[in-house]
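The values are calculated or read from the model by the stated rules, or taken from the named source; none is laboratory data. Only a predicted model underlies this, so the values are computations on that prediction, with no experimental measurement involved. When we count neighbours, we look across all protein chains shown, and the Cβ atoms used for this are built from the backbone with ideal geometry, even at glycine. What goes into the accessible areas is simple: the full protein's heavy atoms, side chains included, and nothing from ligands, DNA or RNA. Shrake-Rupley method; radii C 1.70, N 1.55, O 1.52, S 1.80 Å.
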Amino acid sequence: AICKESVMLCFAGDVKCWSLEIEVGANPVQVEVGEFDEAIEIVEDAVEDVAAENPCLNHHCKKGKVCEVDESNTPMCVCQDPTTCPAAEGVFEHVCGTDNKTYDTSCHFFATKCTLEGTKKGHKLHLDYIGACKMIEPCMDSELKEFPLRMRDWLKNVLVTLYERDEDNNLLTEKQKLRVKKIYENEKRLQAGEHSLDLLAHDFEKNYNMYIFPVHWQFGQLDQHPVDGYLTHTELSPLRAPLIPMEHCTTRFFEECDADSDKYIALEEWAACFGIKEQDVDNDLII
């Protein structure tokens, strides 16, 4: 469902919703990317004279590391001591790692992961989802088939909402707006709301072309670090981490998207997961 102040991802037949606040100039699927992405660097602005006194002021370190200077006053990144992370303000800051351990905050998680760099355990450790670790129900085959129905509809509605709110091209580029305009003005467009799975499946079959661009657009929003045509576990985190506690098929869905099990999801694999035909996969749609 699309709400006035936020985009809600509501799963058919369920009362659980994911509210996603959209701020001007921010990608809705990457508003909190800094909480998940191990590759994002923290940039601090500093005037030159101050920077000369403290080289760390404009030295960039990724999540889990902090800057320190050595004996020659040269900045270097070292693992942050987890005990120096700010205390959680509430349980909403808890995160669950792939080691099934609850961390107070994402700062505690990435600091811990950094101390394990170079080890087998550290290589396998990733942020799994937002919230304290809990029992996630197994995803049945029948349930897995329902997941892309809801996701496709939601992606389409996110783009329509951005188009409606975008006055200064802060949310969508001109090329993106032209693509979404065709969807927005199509009288056959299924309006946002809670729809049965049968209706969603019927709409995808009858109005298939409306879903091609939203699926490509989502891939482009996630493929950022680096932009290489593949999605890693880290790049998927801004989308999957908030979903897993509410939608128990999330993990299995993205795992099976990686058809060749190489730990990377290519555009062709991503499109296939959402039912986009091979002949309609187009790198040029990732604007």
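Data for the structure
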| item | result |
| --- | --- |
| Set of lysines with alpha-carbon distance to residue 182 below 21 Å, sequence-local pairs under 8 removed | 156, 206, 277 |
| Reach of residue 101 by Cα under 27 Å, taken over lysines that are not fewer than 8 positions away in the same chain | 16, 62, 63, 65, 113, 120, 121, 124, 134, 263 |
| Pairs of alpha carbons in the range 141-285 whose separation is greater than 23 Å (percent) | 35 |
| Farthest positive-ward along the range 65-130 dipole, Cα basis, beta-carbon charges - from 84, 107, 74 | 107 |
| By average C-beta atoms within 10 angstrom, highest first, the peptides 261-269, 71-79, 106-114 | 106-114, 261-269, 71-79 |
| Translational diffusion of the range 120-174, µm² s⁻¹ [Kirkwood Rh, Cα pairs; Stokes-Einstein; 4 °C; 1.567 mPa s] | 85 |
| Backbone HN-Hα couplings from phi across the range 222-228 [Karplus 6.51/-1.76/1.60, Hz, Gly and Pro as x] | 8, 7, 10, 9, x, 7, 9 |
| Pair residue 140, residue 99: separation of 7 Å Cα→Cβ label points (nm) | 3.5 |
| Separation in nanometres of the label points that stand 7 Å from Cα toward Cβ, at residue 178 and residue 76 | 5.2 |
| Residues in the range 103-139 reached by a label modelled at residue 87 [backbone nitrogen below 15 Å; 7 Å Cα→Cβ] | 104-105 |
| Global geometry of the range 65-130, whether rounded, prolate or oblate, following the gyration tensor of its Cα atoms and the 1.5 cut on a/c | oblate |
| Sequence of 246, 135 when ordered by accessible area, the most exposed leading, probe 1.4 angstrom | 135, 246 |
| Protection proxy ranking of 115-123, 55-63 - average other beta-carbon atoms within 10 Å, highest first | 55-63, 115-123 |
